[in-house]
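Student: Please see the structure below; I have some questions.
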Amino acid sequence: MSETDLIARYDQRVPRYTSYPTAPHFAHTVNAATYRAWLAALPAGMPLSLYLHVPFCVRLCLFCGCNTQVVRRDGPVENYARDLITEIDMVADAIGRRLPVRHIHWGGGTPTSLPAHCITEVSDRIAQRFALQAGAEIAVEIDPRTLDEPRTAALHAIGMTRASVGVQDFDARVQKAIGRVQPYDMTARCVDRLRAVGARSLNIDVLYGLPLQTVDAVERTARLVLELAPDRIAAFGYAHVPWMKRHQTALHEDDLPDAEARFAQRGAIDGVLRLAGLHPIGLDHYAQPGDSMAAAERSGTLRRNFQGYTTDDAAALIGFGASAIGSLPQGYVQNAADSIAWRQAVRAGALPVSRGVALSEDDRRRRALIETLMCHLAADFAAAPDLLAEAAEPLAQMTRDGLVARRELTLHVTERGRPFLRNVAALLDAYLRPGEQRHSRAV
Ligand SMILES: C[S@@+](CC[C@H](N)C(=O)[O-])C[C@H]1O[C@@H](n2cnc3c(N)ncnc32)[C@H](O)[C@@H]1O
Ligand code: SF4
């Protein structure tokens, strides 16, 4: 089958499977009372992972699919930090004991929209209410355009160990088209500063499928990114979802590459990164062979959560801030996505949860298989042969197309199938309705 036919067949709208069930299937049946009970039931000594969401940016990139808003004054952001501290206290009170933490992720938006003193105050409160373990990873998402000296010093003070830097594309025409002007030199200076204040590990995000991008442009970007010597690279396909993110309508749709061009761009980035010795991880990540993510992939301990691929294997992830999602042994919870609703709940002394899902037994077995497929491109169906049988027909087609191979009850996704990993995972998704519009395209 030709590449064109393959793309035509599999360019469907499918979830990214950073959770299962996926967020659109969370419901209001999970509320603050449910969350309170789930927190109270966390066993003593259970290591946690924490996620802090900061939904602010100085300006909006036109492609952005994150939960964020523009803010140019410190006042609202300082208020947000105060509310975040209140939420940390509320959650710690509901847990009722000081549980160990081995991973903190500051995401957004742009976490360093917080003024320097807010970054340290939030971090201090976490250290008071949770027991930060020695060697804990503290990861921060960084926008190089806005990281100033005081904030860099604050990242040092909170013990940042890993930085994830947004690049997207270094081509000047593409940068103009997406409303994000970020020259290479500015990025390189930022990376140097981050390393100087303790970022032992560096991730860089690039995108393909953006307006005006070409195979040549993304290859040049990939080579420039390699000059920054990152430990990891995430190469995401641009998710064009203007029905959910209205500002994306400001991008010229005529300038967007079609599915075949996107596929070629993905392949071009993949080629440059593999040639440079990076190890492909799952759907869209690359790691230096000596990096802990490559090691986790080799040893079978790699995980996938709302931040994407991770080496963090904590059984509970607690989310703080508007729209943050938590994953507890009983199920998922999501805070109110709207920052005003989130703030009102926090100020009223209520856990700001708006929805979630309690996992059924069927959810759990599908979730485990989807996660191992997304991480390791293989899954053993010995304990769930019925799920393999359920997907027999589309899997037979995928086998003929060279995307998957079966060895008894183990399903393997081939290298040819790697770009279509989400399509394979979708075969195990009991919630997905055919033709659903809300997700981004697979290719
Ligand atoms: C929260 S941002 C990273 C930190 C910082 N705000 C920045 O942009 O530099 C997370 C990453 O999500 C990715 N992203 C944002 N919008 C996207 C979209 N519509 N489709 C795919 N990836 C997207 C970008 O690669 C971006 O670097
Ligand atoms: S990509 Fe990053 S900096 Fe740009 S709007 Fe989104 S969150 Fe903000």
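The values are calculated or read from the model by the stated rules, or taken from the named source; none is laboratory data. Quick caveat: nothing in here was measured; it's all calculated off a predicted structure. So basically every Cβ, Gly included, is an ideal-geometry build from the backbone, and we count neighbours across all protein chains shown. Side chains are part of the model used for accessible areas, which takes the heavy atoms of the whole protein and leaves out ligands, DNA and RNA. Shrake-Rupley method; radii C 1.70, N 1.55, O 1.52, S 1.80 Å.
Student: I need the P(r) histogram for the range 332-443: all alpha carbon pairs, bin width 10 Å from 0 out to the longest distance, whole percents.
Tutor: Calculated P(r), rounded to whole percents: 12, 36, 26, 15, 9, 2.
Student: Oh, and also: Counting only DSSP beta bridges with both residues in the chain, tell me the antiparallel percent, nearest 5.
Tutor: 45
Student: Hey, what do the phi angles of the range 364-370 turn into as Karplus ³J(HN,Hα) couplings, whole Hz, using 6.51/-1.76/1.60 and θ = phi - 60°, x for Gly and Pro?
Tutor: Once rounded to whole Hz, the list reads 4, 6, 5, 4, 4, 5, 4.
Student: Once the cut-off is 22 Å, how many percent of the Cα-Cα pairs in the range 261-403 end up in the long-distance tail? Provide the component values of the computation, followed by the final result.
Tutor: On the way: 5844 of 10153 pairs.
The calculated P(r) of the range 261-403 puts 58 percent of pairs beyond 22 Å.
Student: Can you give the FRET efficiency to the nearest 0.05 for residue 82 and residue 146, using r as the Cβ-Cβ distance and R₀ = 30 Å?
Tutor: Working: r = 21 Å, r/R0 = 0.71.
Calculated value: 0.90.
Student: So what's the net charge close to residue 205: Lys and Arg +1, Asp and Glu -1, counting the other residues with Cβ under 11 Å from its Cβ? Intermediate results must be reported in sequence, preceding the final value.
Tutor: Details: positive: 232; negative: 141, 143, 169, 284.
Net charge around residue 205: -3.
Student: Taking K and R as +1 and D and E as -1, what net charge do the other residues with C-beta under 15 Å from the C-beta of residue 146 add up to?
Tutor: Details: positive: 59, 72, 73, 145, 151, 180, 189, 193; negative: 74, 141, 143, 148, 149.
Here the count lands on +3.
Student: Roughly how big is the range 284-443's charge dipole about its Cα centre, with Cβ charges of +1 (Lys, Arg) and -1 (Asp, Glu), in debye to the nearest 20? Mind dumping the intermediate values first?
Tutor: Numbers: 19 positive and 19 negative charges, 81 e Å.
So the magnitude is around 400 debye.
Student: Around residue 160, what is the net charge, scoring Lys/Arg as +1 and Asp/Glu as -1 over all other residues with Cβ under 10 Å from its Cβ?
Tutor: Details: positive: 162, 200; negative: 137.
Spelling it out: positives minus negatives among the neighbours equals +1.
Student: May I pose another question? Starting from the exponent 0.38 and prefactor 2.2 Å, build the expected Rg for the range 263-337 from its residue count and divide its actual Cα Rg by it. List each step's numbers first, then the result.
Tutor: Numbers: Rg = 15.6 Å, N = 75, 2.2 N^0.38 = 11.3 Å.
Taking N as the residue count of the range 263-337, the ratio is 1.37.
Student: Next up: Tell me the Rg and the Dmax, in Å, that the Cα atoms of the range 1-102 produce.
Tutor: Gyration radius and largest Cα-Cα distance of the range 1-102: 19.9, 59 Å.
Student: Using 7 Å Cα-to-Cβ label points, what is the residue 134/residue 406 separation (nm, one decimal)?
Tutor: Simple spin-label model gives 5.0 nm for this pair.
Student: Shifting gears a bit: Please list, short to long, the whole-number percent of alpha-carbon pairs of the range 87-154 in consecutive 5 angstrom bins beginning at zero.
Tutor: Result, from short to long distances: 4, 15, 23, 24, 18, 10, 4, 1, 0 percent.
Student: Can you compute the modelled spin-label distance between residue 176 and residue 220, with each label point 7 Å from Cα toward Cβ, in nm?
Tutor: With each label placed 7 Å out from Cα toward Cβ, I get 1.3 nm.
Student: Separation of the range 35-81 and the range 82-152 by C-alpha centroid, Å?
Tutor: Using only Cα atoms, the two centres lie 9 Å from each other.
Student: Sticking with this structure for a sec: Tell me, rounded to the nearest percent, the portion of alpha carbon pairs in the range 174-266 spaced more than 15 Å apart. Mind dumping the intermediate values first?
Tutor: Values: 2773 of 4278 pairs.
Summing the P(r) tail past 15 Å for the range 174-266 gives 65 percent.
Student: When the helix-only estimate is applied to the chain (DSSP H runs of n ≥ 4, each -39,500 (n - 2.57), divided by the residue count), what is the mean residue ellipticity at 222 nm, nearest 500 deg cm²/dmol?
Tutor: Values: 15 runs with 166 residues, N = 443.
The helix-only estimate for the chain comes to -11500 deg cm²/dmol at 222 nm.
Student: Output wanted: per-residue J couplings in Hz (rounded whole) for the range 167-173, from phi through Karplus 6.51 cos²θ - 1.76 cosθ + 1.60, θ = phi - 60°, x for Gly and Pro.
Tutor: Karplus values, whole Hz, x for Gly and Pro: 10, 6, 7, 8, 6, 4, 5.
Student: What ranking of 360, 19 comes out by heavy-atom accessible area, probe 1.4 Å, highest first?
Tutor: The most accessible residue leads, giving 360, 19.
Student: Measure off, as a whole percent, the carbon and sulfur share of the 1.4 Å-probe accessible area of the chain, all protein chains present. Kindly include the intermediate steps, with their values, before the conclusion.
Tutor: Numbers: 9230 of 17800 Å².
Exposed carbon and sulfur together represent 52 percent of the surface.
Student: Can you pull the accessible area of residue 91 for me, 1.4 Å probe, Å² to the nearest 10?
Tutor: Spelled out: residue 91, probe radius 1.4 Å, area about 0 Å².
Student: What number comes out for accessible area per residue over the chain if the probe is 1.4 Å? Units Å², please. All intermediate terms of the calculation are to be shown ahead of the outcome.
Tutor: Details: 17800 Å² over 443 residues.
Per-residue accessible area for the chain comes out at 40 Å².
Student: Then there is this: For the range 228-279, report the convex hull volume of the alpha-carbon atoms normalised per residue, in Å³, without decimals.
Tutor: Numbers: hull volume 6.1 nm³, N = 52.
That works out to 118 Å³ per residue.
Student: What's the Cα-based Rg to Rh of the chain, Rh via Kirkwood? List each step's numbers first, then the result.
Tutor: Numbers: Rg = 21.2 Å, Rh = 22.5 Å.
Using only Cα positions, Rg/Rh for the chain is 0.94.
Student: So what are the ³J(HN,Hα) numbers for the range 134-140, from phi and the Karplus equation (6.51, -1.76, 1.60; θ = phi - 60°), rounded to whole Hz, Gly and Pro as x?
Tutor: 4, x, 4, 8, 10, 9, 9
Student: Just to be sure I understand the model, the point goes 7 Å from the Cα along the line to the Cβ. What's the resulting residue 40 to residue 249 distance in nm?
Tutor: 4.7
Student: Counting only Cα atoms, I'd like the Rg/Rh figure for the range 102-237, Kirkwood definition for Rh.
Tutor: Details: Rg = 15.6 Å, Rh = 15.6 Å.
Using Cα coordinates only, the ratio equals 1.00.
Student: State, as an integer percentage, the relative contact order of the chain based on alpha-carbon contacts under 8 Å between residues 6 or more apart. Write out the running numbers ahead of the final one.
Tutor: Values: 823 pairs, mean separation 95.5, N = 443.
Relative contact order here is 22 percent.
Student: May I ask you to derive the FRET efficiency for residue 362 and residue 31 from their Cβ-Cβ distance with R0 = 30 Å, giving the value to the nearest 0.05? Write down the numbers at each step before the final one.
Tutor: Details: r = 23 Å, r/R0 = 0.75.
Between residue 362 and residue 31 the formula returns 0.85.
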